[in-house]
Amino acid sequence: MVLAPERSQFPVLDPADGSVIETVHAATPEDGLAAVDAAAAAAAGWAARAPRERAEILRRAFDHMTERLDDVAHLIVREMGKPFAEARGEAAYAAEFLRWFSEEAVRLNGDFGTAPAGTNRMLVQHAPIGVSLLITPWNFPAAMATRKIGPALAAGCTVVLKPAEETPLTAILVAEILREAGVPEGVVNVVTTDEPGPLTQAILADPRVRKLSFTGSTAVGRHLLAVASENVISTSMELGGNAPFLVLEDADLEVAVAQAMAAKMRNGGEACTAANRFLVHESVAEPFTERLTAAMQAVKVGQGFEPGAELGPLINAAAREKVERLVAEAVDRGARVRCGGERLPGPGYFYPPTVLDRVQPGSELLREEIFGPVAPVMTFADEAEAIRLANDTEYGLVAFVCSRDLRRAMAVGEAIETGMVGLNRGVVSDPAAPFGGAKQSGLGREGGHHGLLEFLEPKYFAFD
Ligand code: NAD
């Protein structure tokens, strides 16, 4: 008799009160390989479908998800904790990736030309790269899944999706919606686990897997790059961020504060694009900080289904302890607490909107992702110093620049080493745009036409 493995299930917890929502299957490495079998078996059939057919299935998936926004949002609130209105916004954003890539599925265009020597013709076509492993984080459990599934399926790839252990339920629902829309058996396979290491290692060791698309922390990304190197697997890496938010002396402060709130408080600060450092010209630092503090104090904290709630709990105890540690360290070094700064009473991992000013160089929260509702403010004296401070990080995902002079803001944005820049805008995410980072924030892009290319292998033919 074979004994059932000790841990065949793991619990999914509600961060608002720590209760168990549901238990889900803990996939073993063998389950992972069975998912690869299914994806490999479906690969040729899916790749052979006409692009228009794949497009129409993705478009139906967009329609289905749009009809089920409340269901998706409900699960996001339960397992991730963000307020319902924001969860519904995420669900709509997630659906948009399916629509965008349904439109891109018919644009798998190549190139044709004459060799420079005039001796022959050159033709480049794009083929699906093959079975793809998609690993997603907990902070946007629906959108990070469709941002990968959309382009993979449009390109003609089949996938194994491994969602974060905190948020498997949303991923399971997304897969169900795709099935309802007509995605064939084996094209999208979900494996859930709270021990991702051995499972993903087994999947990446299978030579049929040709792509790893990962969104998560830089530390885990670095590790997975090493694992993927064994089989020389193509990788797309959407990693951590440490976004600077620059307020130049000519900024419209009303715009700057509104956009600062968007950049900081989207997803309660638990976003890779979250403004992590506010760099404000010394001449406007006090009025900016005063207004930002007032806006932060007005944010309503509550459980995600509470009417009017704008900020939910952090994802777990460790996340809250990290925020507390970073705030305490900054205060020890001389930062001043303008609001917040102390955890809120439980249950749940609530932390209040917090503004710190006089943050000293060298403070850890200037180096690490805070991933919480904490806004550290520092000042600069001139543009050169602002750019130097903005670039003083290993990350390079996004930067925000506020100025009334668009030409100047562009020039500053060009000097900051990031993959994305928001000019007088605190949110840059858009399914139609190439999202991604420079430096240690990642490799490759998601969204736009670039997102599709990540799942395609160019093939070049030379002929007379
Ligand atoms: P994480 O790196 O801890 O986990 C991400 C995923 O990797 C999860 O599915 C997790 O189960 C898996 N994982 C963890 N250890 C693994 C291992 N050893 N082998 C294989 N898989 C493993 O990140 P998180 O806490 O879920 O998410 C927050 C991080 O994600 C932040 O750093 C944030 O900036 C980043 N993020 C980046 C983007 C982007 O587009 N650049 C978007 C969202 C989040």
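Cα gyration tensor of the stretch 270-333, axes a ≥ b ≥ c as square roots of the eigenvalues: rounded (a/c below 1.5), prolate (a/b > b/c) or oblate? Could the numbers behind the result be given before it?
Details: a/c = 2.23, a/b = 1.29, b/c = 1.73.
Since a/c reaches 1.5 but b/c is at least a/b, the shape of the stretch 270-333 is classed as oblate.
How do 429, 213 rank when sorted from fewest to most other Cβ atoms within 10 Å of their own Cβ? Please list the in-between numbers first.
Details: 429 19, 213 28.
Ascending number of Cβ neighbours within 10 Å: 429, 213.
Working from Cα positions, state the angle (0 to 90°, nearest 10) between the long axis of helix 406-415 and the longest principal axis of the chain.
70
Specify the angular offset, from 0 to 90 degrees and rounded to the nearest 10, of the alpha carbon long axis of helix 143-155 from the longest principal axis of the alpha carbons in the chain.
Taking Cα atoms only, the helix is inclined about 30 degrees.
Among 132, 102, 8, which comes first, second and so on when ranked by fewest other beta-carbon atoms within 10 Å? Working shown, then result.
On the way: 132 29, 102 23, 8 11.
Going from least to most buried by this count: 8, 102, 132.
Which pairs break 22 Å Cα to Cα here: 264/300; 148/211; 264/322; 82/300; 82/322; 148/322? Show your work: numbers first, answer last.
On the way: 264/300 15 Å; 148/211 11 Å; 264/322 17 Å; 82/300 12 Å; 82/322 19 Å; 148/322 29 Å.
Over 22 Å apart, Cα to Cα: 148/322.
Measure nothing but the geometry: give the 0 to 90° angle between the long axis through the Cα atoms of 51-67 and the longest principal axis through the Cα atoms of the chain, rounded to 10°.
Its long axis makes an angle of about 40 degrees.
Summing +1 for each Lys or Arg and -1 for each Asp or Glu, what net charge is found among the other residues whose Cβ lies under 14 Å from the Cβ of residue 182?
Numbers: positive: 49, 52, 54, 59, 60, 179; negative: 53, 56, 63, 176, 180, 185.
Around residue 182, the surrounding residues sum to 0.
So for 439, 264, 300, 211, fewest C-beta neighbours within 10 Å to most, what's the order? Don't skip to the end; give the middle numbers.
On the way: 439 17, 264 29, 300 12, 211 25.
The most exposed by this proxy come first: 300, 439, 211, 264.
State whether the stretch 182-341 is rounded, prolate or oblate according to the following rule on the C-alpha gyration tensor (a ≥ b ≥ c being the square roots of its eigenvalues): a/c under 1.5 gives rounded; otherwise a/b larger than b/c gives prolate, and the remaining case gives oblate. If you can, show how the numbers build up before the last one.
Working: a/c = 2.30, a/b = 2.03, b/c = 1.13.
Because a/c hits 1.5 or more and a/b exceeds b/c, the stretch 182-341 counts as prolate.
I'd like the distance between the alpha-carbon centres of the stretch 176-228 and the stretch 324-393, rounded to an integer number of Å.
Between the Cα centres of the stretch 176-228 and the stretch 324-393 lies a distance of 34 Å.
Quick check on the chain: take the gyration tensor over C-alpha atoms, sort the square-rooted eigenvalues as a ≥ b ≥ c, and tell me if it's rounded (a/c under 1.5), prolate or oblate.
Values: a/c = 1.95, a/b = 1.33, b/c = 1.47.
Cα axes put the chain in the oblate bin.
Readers should treat all values here as calculations from the given coordinates under stated rules, not as data from a laboratory. As the structure is a computational prediction, the values presented were derived from the model and not from experiment. Counting neighbours? That spans all protein chains shown, and the Cβs are built from the backbone with ideal geometry, glycine included.
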